[in-house]
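Heads up: the structure comes next, in structure tokens.
FYI, it's all coordinate maths here, none of it is from the lab. These numbers were taken from a predicted model, which means no experiment stands behind them. Every residue, glycine as well, gets a Cβ built from its backbone with ideal geometry; the counts of neighbours run over all protein chains shown.
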Amino acid sequence: MKYNKIKICGLKRKKDIEIVNKYKPDYIGFVFAESPRQIDFTKAAELKSLLNKDILAVGVFVDADIQDIVNLTQSNTIDMIQLHGDEDEEYIKKLKEFEKNITIIKAIEVKNIEDSEKWNDSMIDYLLLDNGKGTGKSFNWNLIGNIKKPFFIAGGINVDNMEDIIKFKPFAIDISSGAEKNGVKDSEKIDLIMDKIHNINNSY
Ligand SMILES: O=C(O)c1ccccc1NCC(=O)[C@H](O)[C@H](O)COP(=O)(O)O
């Protein structure tokens, strides 16, 4: 059976953790890059200690210092890495050398078909196809190429377009703005999103 996973990104309050512990997405994201959703290392460690152990925490970085990423991994503040900047294969190789078991998601802004296909032979574990960085806007889904890596789809996803996205066979879908009301994560929206994914997964 195909099982579509969900990542809810940009958590920064205790209340957000209470919400995800209730609805249990597969992944949550802590954004360490500059953003209205930015969280510092100390707060992320505190929130991770409250997070249900079945939910994996993804650290979202933009061209960050590799040592910071390694420290956050070794302290178990994060379980996976999402690189959302201009990180190249050399950077990824270095990260894997520091931390052999690290799981890396490389986020890219999709502007043409080659954008996604050029990561097929990379050391990354997953690709994340996005419009930008938490923009709340979609990219042109017809530009999803012949991707060999399992991939997340992000960018402007919400409860109303989830079914359309699933047709492109992502490993997971990633939602941030679509799970917010007045700039913060919203319990009702996350409830609807999780309900929708359960219905989709049960329909196979
Ligand atoms: O969310 C941010 O503000 C952000 C800032 C800097 C780098 C990455 C960021 N977000 C990464 C994500 O994984 C978001 O979930 C993804 O871009 C989708 O966001 P949205 O379009 O708002 O659903």
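Some notes on this structure:
- Between K93 and N52, the contour length at 0.36 nm per residue exceeds the Cα-Cα span by 11.7 nm.
- Between K167 and I66, residue separation times 0.36 nm minus the direct Cα-Cα distance comes to 32.8 nm.
- About its Cα centre, segment 5-203 has a charge dipole of approximately 600 debye under the convention of +1 per Lys or Arg Cβ and -1 per Asp or Glu Cβ, with nothing else charged.
- Charged-residue dipole, Cβ positions (Lys, Arg, Asp, Glu), segment 17-127 about Cα centre, Debye nearest 20: 580
- Spin-label model, D121 to D160: label points 7 Å out along the Cα-to-beta-carbon direction sit 4.3 nm apart.
- Loop-located trypsin sites (Lys or Arg not before Pro) in segment 41-71, at most 15 other Cβ atoms within 10 Å (DSSP): K53
- Order of S177, S116, S75 - criterion: other Cβ atoms within 10 Å of each residue's Cβ, fewest first: S75, S177, S116
- Stretching the chain fully between K137 and E18 yields a gain of 40.2 nm (0.36 nm per residue, less the alpha carbon separation).
- Restricting the trypsin sites (Lys or Arg not before Pro) of segment 99-204 to loop positions (DSSP other than H, G, I, E, B) with no more than 14 neighbouring Cβ atoms within 10 Å leaves K100, K111, K118, K137, K148, K167.
- Counting lysine pairs in segment 21-104 whose alpha carbons fall under 29 angstrom apart, excluding pairs fewer than 8 residues apart on the same chain, gives 21.
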